[in-house]
Structure formats: structure tokens, C-alpha cells
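Novice: Okay, handing you the structure first.
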2 protein chains.
Amino acid sequence: MNATYDVVGLGNAIVDVIAKSDDAFLQRHALAKGAMTLVSAQQSERLYSDMGPAIEASGGSAANTMVGVASLGGKAAYMGRVFADQLGQVFRHDIRAAGVEFATPAAKSGPPTARCLIFVTPDAQRTMQTYLGACVEFSPDDLDPAVIEGAQISYLEGYLWDPPRAKEAFREAMRIARAKHRRVALTLSDAFCVDRHRAEFRELIDTSLDIVFANESEILSLWQVASFDEAVRACQAHPRRIWAITRSEKGSVVIGDGLATHVAAERIEKVVDTTGAGDLYASGFLFGLSRARPLIECARLGHICAAEVISHYGPRPEVALATLAAAKLGG
Amino acid sequence: MNATYDVVGLGNAIVDVIAKSDDAFLQRHALAKGAMTLVSAQQSERLYSDMGPAIEASGGSAANTMVGVASLGGKAAYMGRVFADQLGQVFRHDIRAAGVEFATPAAKSGPPTARCLIFVTPDAQRTMQTYLGACVEFSPDDLDPAVIEGAQISYLEGYLWDPPRAKEAFREAMRIARAKHRRVALTLSDAFCVDRHRAEFRELIDTSLDIVFANESEILSLWQVASFDEAVRACQAHPRRIWAITRSEKGSVVIGDGLATHVAAERIEKVVDTTGAGDLYASGFLFGLSRARPLIECARLGHICAAEVISHYGPRPEVALATLAAAKLGG
């Protein structure tokens, strides 16, 4: 069956609020460095009032990934819930302007559009505090089954297990995709997120997933093992899945048919802000899969996209990734 | 009399929406490159829907200048009108987080917070389309006379002559400042803005101003002359005013007591986005004046601040200007 989309992403639709910070600030507010922590509206406002001058940029993990897929020349769609407010308009504008199909209607009652306060320390690490806002309204009613049926790959955020009804949407999307023999991918999102939903994530991996994205701390948390090698072996025990495990500057390990291969990261001059690194790695990898490229080339595409996004502030690419990838891969 | 503030700025309180663009886009939409054009809410929305992915950052000319003064270590205050919406909260947060006193209450009825769509072309030039929104509500009632009385210099945007009642606030602020023998500064803001208000600006210069900021096209427009030399001579004919006239990479010409001096611009590696160049030049110059520095040093401070802001996207400094200035001026 022909596909209308290369990839459809489902996720928490979030506007990022990004400020430079220092480690003293993180300590003063007891923030878990490098992690994504959920906060209430009140906590978010309190933290914002103490935050330095910021810029706003559309974010959301799967949304960033879809923007990357579109920038590579892929056909991408997205589903997620914003509120009918100014930040919701910003989110909708930016994802559409990037060439991603996005038709989920804005909520007209309930909490405002989600925001993620991102504190970028001088070591380029990002620490995220998310107020989920309108994302808690995301439900199976927000799915467009025709889009999911028409997408080669459905890409789901682990973060979707945090808002109460989004996991129902997540499960329903998987059901729709699998009924049409489409592939389903999951990103584990965050080590603490894995902690919150480990049993369910493991069950999904056993029953419903084709592709899993994780970073090192997430995969250790998933299998509750102490070493990376043990984690890889645990993944290899699921030979019918594709695993893409990122390791920052150490590159990534790709596992397919039970075989594991290391792929080097791109060299870059200066890492400015690691926000979006994993999201954009997934863009390259998924785009490569949708074009039936070998897994090693999918991983290289992932590293090329990740290198672009960590060389500047903000979670989305600033250049056309298709041009960049062609230059790096020679066409 | 001791001063509570070094500088108080009055201006249009605006959130910038910044996107990369190309000359073809400007031509297709018939945008006046390098200028600030006022647009209606409908025009702004139409243009936004065709704009690429953007980031949001607090802007507003005099607001940017006050942030620069604070970043240099000066005591700065600001007055301007936002609406009680998300962009208004962003504006208020950012200027306060930068250390600027800002207490003008948000409008609770009327149009939303002003936004300026900024199209940055590959030559680093910015083209601005402003929807004034809540700025049209700015009136003399929004002034805090004690702040103006307590500020060494009141700094006013030429742009304030665009919203209907803001010029009344502008005139009232001048009256308050002059009654306390404080100095009053004006920036001509934009060549088209000068075109719209030339007669009144000339009358202000004759009667009420101590310091005038302009760039080359603005000063030519003010005096309706064809050459820069003629414009300088016209300024010199007002010997009791200080004039600071910026000329991009050619530096600036400073005129005091009728004497004109050229001051070189700072060398910088790469100009990324010229948004805020004039605003931050004014920061350095005004801060220098408030510390009774010689005019040439005021201009050098201006160039140091301008060089920082044009080396990245966005209209406000990303580093502590006090540290930068100390490194450059050796003090």
C-alpha cells in the first residue's frame, strides 16, 4: 500500500521558553540537571519569575522530530493538543511553516498551551521543567485515523504516558497503524519518564513496537542494568525490533536483527545547546528508514541532523537538512 | 539633585517574531527592506501565515535600549503598554529579568500586545512589520512622574508619534523632565517615521531636546538634504544639542557644542542580524552620558554594545555588557 506520509508523530505540543542559566541556579531550585521534570502551573510560574530573559521557540519532542523529517524532504504529519491562545498559535504556525501537516484542533476550554522552561548551562546541557497544560486534553478523539493509516511509520513519544488520557490515544494510534501493517516507533524520551512507566514500556516493546529510540540513561533505566553492554544485550534479546541508542559525542549503537553496530557522531566545532539532539537524531533515522536506507546510513543521517541542532539555541533546525545531508553524504 | 535612575525609556512595548527570509519574500510581499512599516492586525496575520518558522523575543526600541543600559550596570526604567495576554507576560518578564524597572499596568480591554514581524535576510539586514496593538492605549495616564523626575535622562522613541495618544504622553514626559532640569533624548527611530512626523520632530529639537540619536537615512530625512555632510552641518547649527549619528560599519559621528567627531565602529567577525544595532548603540551612549564620560567614549561604548547585538539573532544582548565594556575599554 502506498503511503501518504513518511512519518506521523504524536506528542505533547509544547512551546519552549529558553534562557541561559548556571549551575548555581539549578542547585538553588533543586532542578535535576539534564532531565525533564513535570511541574504544576504554579511551580512553572514561580520558576519563570526567577528565570533570566528568555526567548520562545516551538518545541515538543515528536514535533521537533517531524520538523526535522520535513526539513530532510520527507512528508511528515503531527498530532498534539494546544490551547486556543497566543502560544498555541505560535506552535501551530511554526510546525506548519516548517512543512508539517498539523490539524489537531485547539482546545477551547481547560488549561493553556503547554510550556517547557529550558535552562541551558555553559556546558550546553539543558534542564527542562514542563507544565503540560492543554496536553492533558489530548485523547483518542484527536486522532485522524486516515493520517495514521497512510503513514509508513507512526512515531510516539514516551512522554505521552504522562498526561492521563494521552496513553489511550497512543494505544489507539498503535492499533490503527498495526491494523494496516504500518511500523510503530517509540522514543523512551527521558530516564525519569522510563522510571514512571517502565512496566508498560516493556510490555509495548514485547507486543507492539518495531523501532525504539533511547539514549544511554534511558536504556539503562528500561532494563535496570548498570552497564551499557548489558543494556545492549537486553535489546539484542528482542531481535525483531530495531534499536537506535544515542550516546552523545560517542555516537550511537544501532541494533537490527539482533546485530549491534556502532556509528560515530558528527564532529562539530562548538556545542551550544543540546536541546533537540535526540529529537533530531530520530528525524534522520526515521527519514532514512522511510527511504529504505541501510541502518548505518539511517544512523549517520541522525547524527548529521543532531549536530546541526546542537550548534545553536533552540530545538529545531535552522538550515534545510536535505541540503546539509546531501553535502555530508554526497547526494 | 540625586537621581534614582540613570535613564528612563518610553516606547512601544513590542514582542518580536523573528524569522530568516530572503529577498524574494520581501519582493513578493512588497516589503520596504530595512525599514519599519506599520501594519493592521489583518495584514500582520496574513504576513505571519506566510512567514517561515520563527522565534519570539521581547523587543521594542526603547525597551531594548533600557535592557542594554541595565546590562552595562546602569539603573534603568521603562514605560510602555502591553495587553494582559501571554505575549504581554513575556514582555514584562523579560524586561524585568534584565533588571529594568517596569510597572506600567497591562491593558485589560482593547487590542492584544504589539508584535513586530522581523524578516532577517542573508545580508543580516532586518525588515520590520509592526502591528501596534495595545501600544495605541499608551497615554499620559501611564506615566509615573516620580520615575521621570528621578531619572537623569528621559529617552523617547520617535516611534511614539505613531500611536494616537502616545505623543501626549511623550510631551508630558518631556514637560516633567524639563521642570526638574533633567535631560531629554530622542531617537528618530526610522526614516519613514521621520517622514510622517518631520515638522513636529524639528520643533521638538528646537524647543525641548538635549540629545538626538539618528542613523544616516533618518538624519537625511530630517533635514531633507542629499548628503551626509550637509546633514552634519544642519545638526551643527543646533550647538546646544548633542547629536549621535550612526553609520553602520562606518561608525558614528558625534556632535557636541557644534563640534563634529568621527568614532570608528567595533570590528566584528560576522554580522548575523542587525536588529537592535541602533537601540544598543543608544544604550552605551546614554550610559556613558549618565556617568559623565567624554562624548567620544560614550560613542565607543555605543559601538561595543551594538557589535554584541548584531553578532546573534534577536534585539537584546546575550552577555553582560558591563563585562564586555570593561574588557574592551580596559576599565
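The values are calculated or read from the model by the stated rules, or taken from the named source; none is laboratory data. All of these numbers come straight from a predicted model, not from anything done at the bench. Please note: Cβ atoms are built from the backbone with ideal geometry, for glycine as well, and neighbour counts cover all protein chains shown.
Novice: Mind listing whichever residues of the stretch B:35-53 are more than 30 Å from B:ARG183 (Cα to Cα), touching a residue at least 40 places away in the same chain (Cβ under 8 Å), surrounded by 14 or more Cβ atoms within 10 Å (Cβ to Cβ) and not β-branched (Val, Ile, Thr)?
Specialist: Listed by number, the residues that qualify are B:GLN43, B:SER44, B:LEU47, B:TYR48, B:MET51.
Novice: Quick check on the stretch A:1-15: of everything there that is of a type in the set (A, V, I, L, M, F, W, C) and modelled with pLDDT under 95, which residue is surrounded by the fewest Cβ atoms within 10 Å (Cβ to Cβ)?
Specialist: If we take residues in the stretch A:1-15 being of a type in the set (A, V, I, L, M, F, W, C) and modelled with pLDDT under 95, then A:MET1 is surrounded by the fewest Cβ atoms within 10 Å (Cβ to Cβ).
Novice: Checking the condition in contact with a Ser or Thr (Cβ under 7 Å, 6 or more places away or on another chain) and of a type in the set (Phe, Trp, Tyr), which residue from A:PHE213, A:PHE228, A:PHE201 passes?
Specialist: Residue meeting the stated conditions: A:PHE213.
Novice: For the stretch A:198-215, how many residues meet the condition of being more than 13 Å from the chain's Cα centre (by Cα), over 16 Å from A:ALA237 (Cα atoms) and either among the hydrophobic types (A, V, I, L, M, F, W, C) or buried (at least 20 other Cβ atoms within 10 Å of the Cβ) (or both)?
Specialist: Number of matching residues: 1.
Novice: Check B:ARG126 against each of (1) within 12 Å of another protein chain (Cβ to nearest Cβ); (2) crowded, with 22+ Cβ neighbours inside 10 Å and name the one condition it does not meet.
Specialist: Unmet for B:ARG126, out of (1) within 12 Å of another protein chain (Cβ to nearest Cβ); (2) crowded, with 22+ Cβ neighbours inside 10 Å: (1).
Novice: Counting only residues that are touching a helix residue (DSSP H, G or I) at 6+ places or on another chain (Cβ under 6 Å) and on the phi > 0 side of the Ramachandran plot, how many does the stretch B:275-311 have?
Specialist: Qualifying residue count, the stretch B:275-311: 1.
Novice: From the list B:ALA292, B:ALA299, B:ALA282, B:ALA326, which residue is more than 14 Å from chain A (Cβ to nearest Cβ), of a type outside the set (D, E, K, R), under 19 Å from B:SER154 (Cα atoms) and more than 18 Å from the chain's Cα centre (by Cα)?
Specialist: B:ALA292
Novice: Can you tell me how many residues in the stretch B:34-87 are in contact with an Asp or Glu (Cβ under 7 Å, 6 or more places away or on another chain), more than 16 Å from B:ALA13 (Cβ to Cβ) and either within 11 Å of chain A (Cβ to nearest Cβ) or not in a helix (DSSP H, G or I) (or both)?
Specialist: 6
Novice: Being within 26 Å of B:GLU56 (Cα to Cα) and part of a strand (DSSP E or B) is the filter here, so list the residues in the stretch A:1-33 that pass it.
Specialist: A:GLY9, A:LEU10, A:ILE14, A:VAL15, A:ASP16, A:VAL17, A:ILE18, A:ALA19, A:LYS20 - these are the residues of the stretch A:1-33 that are within 26 Å of B:GLU56 (Cα to Cα) and part of a strand (DSSP E or B).
Novice: Which residue out of B:GLY314, B:GLY330, B:GLY258 is small (Gly, Ala, Ser), surrounded by fewer than 17 Cβ atoms within 10 Å (Cβ to Cβ) and out of contact with any helix residue (DSSP H, G or I) (no Cβ under 9 Å at 6 or more places or on another chain)?
Specialist: B:GLY330
Novice: Go through the stretch A:104-115 and count every residue that is in contact with a Ser or Thr (Cβ under 9 Å, 6 or more places away or on another chain) and either part of a helix (DSSP H, G or I) or within 14 Å of chain B (Cβ to nearest Cβ) (or both).
Specialist: Qualifying residue count, the stretch A:104-115: 3.
Novice: Mind checking whether some residue in the stretch B:268-278 is polar (S, T, N, Q), crowded, with 18+ Cβ neighbours inside 10 Å, at pLDDT 95 or above and more than 15 Å from the chain's Cα centre (by Cα)?
Specialist: Within the stretch B:268-278 (the criterion being polar (S, T, N, Q), crowded, with 18+ Cβ neighbours inside 10 Å, at pLDDT 95 or above and more than 15 Å from the chain's Cα centre (by Cα)), the answer is no, since none of the residues qualifies.
Novice: In the stretch B:55-103, which residues are out of contact with any Phe, Trp or Tyr (no Cβ under 8 Å at 6 or more places or on another chain) and of a type outside the set (A, V, I, L, M, F, W, C)?
Specialist: Selection gives B:GLU56, B:GLY59, B:ASN64, B:SER71, B:ASP85, B:GLN86, B:GLY88, B:GLN89, B:ASP94, B:GLY99.
Novice: Over 30 Å from B:PHE91 (Cβ atoms) and either aromatic (Phe, Trp, Tyr) or at pLDDT 95 or above (or both), is that true of B:GLU230?
Specialist: yes
Novice: Could you tell me which numbered condition A:GLN89 fails, if it satisfies all but one of (1) free of Cβ contacts under 8 Å to residues at least 40 places away in the same chain; (2) surrounded by 24 or more Cβ atoms within 10 Å (Cβ to Cβ)?
Specialist: (2)
Novice: If you go through the stretch A:88-103 one residue at a time, do you hit one that is under 22 Å from A:GLU318 (Cβ atoms), away from chain B (no Cβ under 14 Å) and assigned to a strand (DSSP E or B)?
Specialist: Yes; the residues of the stretch A:88-103 include at least one that is under 22 Å from A:GLU318 (Cβ atoms), away from chain B (no Cβ under 14 Å) and assigned to a strand (DSSP E or B).
Novice: With in a helix (DSSP H, G or I) and either within 28 Å of B:VAL120 (Cα to Cα) or free of Cβ contacts under 8 Å to residues at least 60 places away in the same chain (or both) as the only criterion, which of A:SER311, A:SER283 stands out?
Specialist: A:SER283
Novice: Of everything in the stretch B:314-323 that's part of a helix (DSSP H, G or I) and more than 15 Å from B:ALA277 (Cα to Cα), which residue is farthest from the other protein chains (Cβ to nearest Cβ)?
Specialist: Once the filter is applied, the top-ranked residue is B:ALA322.
Novice: Counting only residues that are within 12 Å of chain A (Cβ to nearest Cβ) and within 30 Å of B:TYR155 (Cα to Cα), which one in the stretch B:16-33 is surrounded by the most Cβ atoms within 10 Å (Cβ to Cβ)?
Specialist: Applying the filter and picking the extreme gives B:ASP16.
Novice: Suppose we filter the stretch B:71-103 for residues that are more than 18 Å from the chain's Cα centre (by Cα) and farther than 21 Å from A:VAL17 by Cβ; how many remain?
Specialist: Total satisfying the criteria: 2.
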